[in-house]
1. Would you be able to tell me the number of residues in segment 23-52 that are modelled with pLDDT under 85, surrounded by fewer than 15 Cβ atoms within 10 Å (Cβ to Cβ) and not in a helix (DSSP H, G or I)?
2. Quick one: which of 69, 99 is surrounded by 12 or more Cβ atoms within 10 Å (Cβ to Cβ) and in contact with a helix residue (DSSP H, G or I) (Cβ under 8 Å, 6 or more places away or on another chain)?
3. What pairs come out if I take residues in segment 16-40 that are within 15 Å of residue 63 (Cβ to Cβ) and pair them with residues that are modelled with pLDDT under 85 and surrounded by fewer than 20 Cβ atoms within 10 Å (Cβ to Cβ) whose C-beta lies under 7 Å away, six or more apart or interchain?
4. Taking segment 104-119 as the search range and keeping residues that are surrounded by fewer than 15 Cβ atoms within 10 Å (Cβ to Cβ) and not in a loop (DSSP other than H, G, I, E, B), which one is modelled with the highest pLDDT?
5. Quick check on residue 55: is it within 17 Å of residue 105 (Cα to Cα), in a helix (DSSP H, G or I), in contact (Cβ under 8 Å) with a residue 40 or more places away in the chain and in the same structural domain as residue 12 (by TED's automatic domain parsing)?
6. Among the residues of segment 80-91, is there at least one that is in the same structural domain as residue 104 (by TED's automatic domain parsing), assigned to a loop (DSSP other than H, G, I, E, B) and within 23 Å of residue 106 (Cα to Cα)?
7. Whether any residue in segment 68-79 is outside any loop (DSSP other than H, G, I, E, B) and either at pLDDT 80 or above or under 21 Å from residue 109 (Cβ atoms) (or both) is what I want to check.
């Protein structure tokens, strides 16, 4: 967060740092970095963007990453990325390698993990 405050030419004190951490600690760093970039590009903020505003920007970045890198089936697996395998003569399902590679890419880009299980990152309290 210090970089964010430096970019907006503001001081970061300990209570403010704790507040930002409480609201933003679950946002992956690549998404937070993208959120800061969006905030700097828009530059509509007279001061440092509030944590809720940064969360909104992070969600915008996440949606862009998901749209830019959509997963498509390799053809051997189902639409959900599952493939049937035999384990000890019993049919089981597991994630297809194409799906795992794609998930790995999302992790590297910061768009994977629990955030993918939710429709959006929660915006947080607007008063912060």
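1. Count: 5.
2. 69
3. 28/113; 30/109
4. Applying the first criterion (surrounded by fewer than 15 Cβ atoms within 10 Å (Cβ to Cβ)) to segment 104-119 yields 104-105, 107-108, 113-114, 116-119.
Adding the requirement that they be not in a loop (DSSP other than H, G, I, E, B) leaves 104-105, 107-108, 114, 116-117.
Details: 104: 85, 105: 82, 107: 77, 108: 77, 114: 42, 116: 39, 117: 33.
That would be 104.
5. No, not satisfied.
6. yes
7. As a first pass, look at segment 68-79 and keep what is outside any loop (DSSP other than H, G, I, E, B): 68.
Right, trim to either at pLDDT 80 or above or under 21 Å from residue 109 (Cβ atoms) (or both) and you get 68.
Yes, there is a match, as at least one residue in segment 68-79 is outside any loop (DSSP other than H, G, I, E, B) and either at pLDDT 80 or above or under 21 Å from residue 109 (Cβ atoms) (or both).
The values are calculated or read from the model by the stated rules, or taken from the named source; none is laboratory data. All of these numbers come straight from a predicted model, not from anything done at the bench. Counting neighbours? That spans all protein chains shown, and the Cβs are built from the backbone with ideal geometry, glycine included.
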